[in-house]
Amino acid sequence: MKIVSTRTIVTCPGRNFVTVKLETDEGVWGIGDATLNGRELAVATMLDEHVLPCLIGRDPGNIEDIWQYLYRGVYWRRGAVNMTAIAAVDTALWDIKAKCAGMPLYQLLGGKSRERVLVYGHANGRDISETVEEVARYQDMGYQAIRAQTGVPGLESTYGVSNSRTSYEPADAGLPSEHVWSSERYLNHVPRLFERLRSEFGDELHLLHDVHHRLSPIEAGRLGKALEPFHLFWLEDAVAAENQAAFRLIREHTTTPLAVGEVFNSIWDCKELIEQQLVDYIRASVVHAGGISHLKRIFDFASLYHVRSGSHGATDLSPVCMGAALHLDIAIPNFGIQEYMPHNEQTDDVFPHAYSFVNGHLFPGETAGHGVDIDEKLAAKFPYKRAYLPISRLTDGTLCNW
Ligand code: GCO
Ligand code: MG
């Protein structure tokens, strides 16, 4: 079998998505997600100009060799744009292989290690009472794990919290918006939220919280310690993780479980964190960490050190990434949890998919391949719109981590 045609499809059914489609001489095709929020066309250009032309005539069955060809063969390694492009090709190749085998992808990854995939949803409120209402609403929808975020008094807006009570979407049209951040105000406020949530909802519900890389290691230690009585499932992205050793300081101060990795794109970004057991969950995703092949390598490595998976699943990752992630989630031994933010209706129409949500869990479905397709005609009706993630500044104007 040979790859005979390739293309990149950019569409914006509410937000931008980039998709790779590979077609073979036997009429089987596969698709992969190539979306990198705020830098979408960089990946599309990388694919169109540099990656996809090298695939014509290759046997799509040689997934590992094609991965190595695109990674080692180009001299310039790693990087979000590069690894997202490789991820898209890898995901499309696994889709083709599973379709040829007539099996859902998880069968090729070793079969099911569990019956269903535990997911967490997002409850956000402008203040604590609104977050409490939202957590109750998510519980009513069947969620057994809920990420809780709240607005911080004195700060006009906070990441993760929509000002309009619609579902949260950080990317802005036009140039990036700028938000003001104060770690001190945040640190004083967040423990109050979780104290209230435990008193309202009891001990059983899994509660998670995302810090979005905002704190210093010692501040993160303080937060983890303050949250210990409310036993979080995890505290996410407490600090930026370029300096992996920084997590040691957090660990020295708290037993709150730590999660990190949504901006990682390679096993080398997680190596020290995993090997030294500085985190409990690794949150890398299929689309940003080199595809099914590389993410499985990361999770297998993590399994040696009691680190479990918790893949990023925000709405800026397309349904193609979600579909592929679910096959990995159901197959690997060290699955932890999967993030799930449902896409809007238009996105679901552009990307018909086999996965389904039932009672706090996702099921990948039994369709051959990863179970997600793209309606190209419909996709063409939603042209690309430039959008950026916001910028964050301290009260004195100093730029800080988004
Ligand atoms: C999450 C993430 C998102 C990111 C977004 C950036 O945990 O889901 O932190 O909220 O901000 O995916 O592209
Ligand atoms: Mg996050």
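The values are calculated or read from the model by the stated rules, or taken from the named source; none is laboratory data. What you see is a predicted model; the values in this text were computed from it and never measured. Here the Cβ is made from the backbone with ideal geometry for all residues, glycine too, and neighbour counts use every protein chain on show. These accessible areas exclude ligands, DNA and RNA; they are computed on the full protein's heavy atoms, side chains included. Shrake-Rupley method; radii C 1.70, N 1.55, O 1.52, S 1.80 Å.
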- Just one listed residue, out of LEU47, LEU93, is open to solvent by less than 40 Å² (accessible area, probe 1.4 Å), part of a helix (DSSP H, G or I) and free of Cβ contacts under 8 Å to residues at least 60 places away in the same chain, and it is LEU47
- Query: Between residues in region 10-24 that are among the polar types (S, T, N, Q) and residues that are open to solvent by 10 Å² or more (accessible area, probe 1.4 Å) and assigned to a loop (DSSP other than H, G, I, E, B), which pairs lie under 6 Å by C-beta distance while being six or more apart or on different chains?
  - Reply: THR11/PHE382; ASN16/TYR384; THR19/ILE374; THR24/MET1
- Unique match (being in contact with a helix residue (DSSP H, G or I) (Cβ under 7 Å, 6 or more places away or on another chain), over 24 Å from LYS381 (Cα atoms), part of a loop (DSSP other than H, G, I, E, B) and at pLDDT below 95) among ARG77, ARG58: ARG77
- State which residue is nearest to ligand 1 (Cβ to nearest atom) when the search covers only region 338-353 and only residues that are over 19 Å from HIS122 (Cα atoms) and open to solvent by less than 30 Å² (accessible area, probe 1.4 Å). PHE351
- Message: So if I check each of VAL18, VAL4, which one is more than 26 Å from ALA101 (Cα to Cα) and assigned to a strand (DSSP E or B)?
- Response: VAL18
- Would you be able to tell me the number of residues in region 378-400 that are open to solvent by 60 Å² or more (accessible area, probe 1.4 Å), more than 19 Å from ASP316 (Cα to Cα) and not charged (D, E, K, R)? 4
- Task: Would you mind telling me which numbered condition in (1) more than 23 Å from VAL260 (Cα to Cα); (2) in contact with a Phe, Trp or Tyr (Cβ under 9 Å, 6 or more places away or on another chain); (3) in a helix (DSSP H, G or I); (4) not basic (Lys, Arg) GLU133 fails?
- Result: (2)
- Note on the structure: The number of residues in region 289-304 that are within 19 Å of LEU105 (Cβ to Cβ) and part of a loop (DSSP other than H, G, I, E, B) is 2
- Candidate set: region 125-166, residues that are loosely packed, with under 13 Cβ neighbours inside 10 Å and among the hydroxyl-bearing types (Ser, Thr, Tyr); chosen: the one nearest to VAL358 (Cα to Cα): THR166
- Given the residues PHE335, PHE363, which is the only one that is assigned by TED's automatic domain parsing to the domain that holds LEU205 and buried (at least 20 other Cβ atoms within 10 Å of the Cβ)? PHE335
- Boolean, SER285 is within 16 Å of ligand 2 (Cβ to nearest atom), in contact with a strand residue (DSSP E or B) (Cβ under 6 Å, 6 or more places away or on another chain) and part of a loop (DSSP other than H, G, I, E, B): no
- Message: For region 9-43, give me the residue count where each residue is open to solvent by 30 Å² or more (accessible area, probe 1.4 Å) and either touching a strand residue (DSSP E or B) at 6+ places or on another chain (Cβ under 6 Å) or at positive phi (or both).
- Response: 6
- Query: Across region 213-229, which residue is farthest from ligand 2 (Cβ to nearest atom) among those that are closer than 27 Å to ASP140 by Cα and not aliphatic (A, V, I, L, M)?
  - Reply: PRO229
- For VAL263, indicate whether it is open to solvent by 30 Å² or more (accessible area, probe 1.4 Å) and of a type in the set (A, V, I, L, M). yes
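β-branched (Val, Ile, Thr), out of contact with any strand residue (DSSP E or B) (no Cβ under 6 Å at 6 or more places or on another chain) and in contact (Cβ under 8 Å) with a residue 40 or more places away in the chain, is that true of VAL190?
Judged against the criteria, VAL190 is a match.
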- Task: Please find, among ASP375, ASP316, the residue that is open to solvent by 30 Å² or more (accessible area, probe 1.4 Å) and either more than 15 Å from ligand 1 (Cβ to nearest atom) or under 21 Å from THR11 (Cα atoms) (or both).
- Result: ASP375
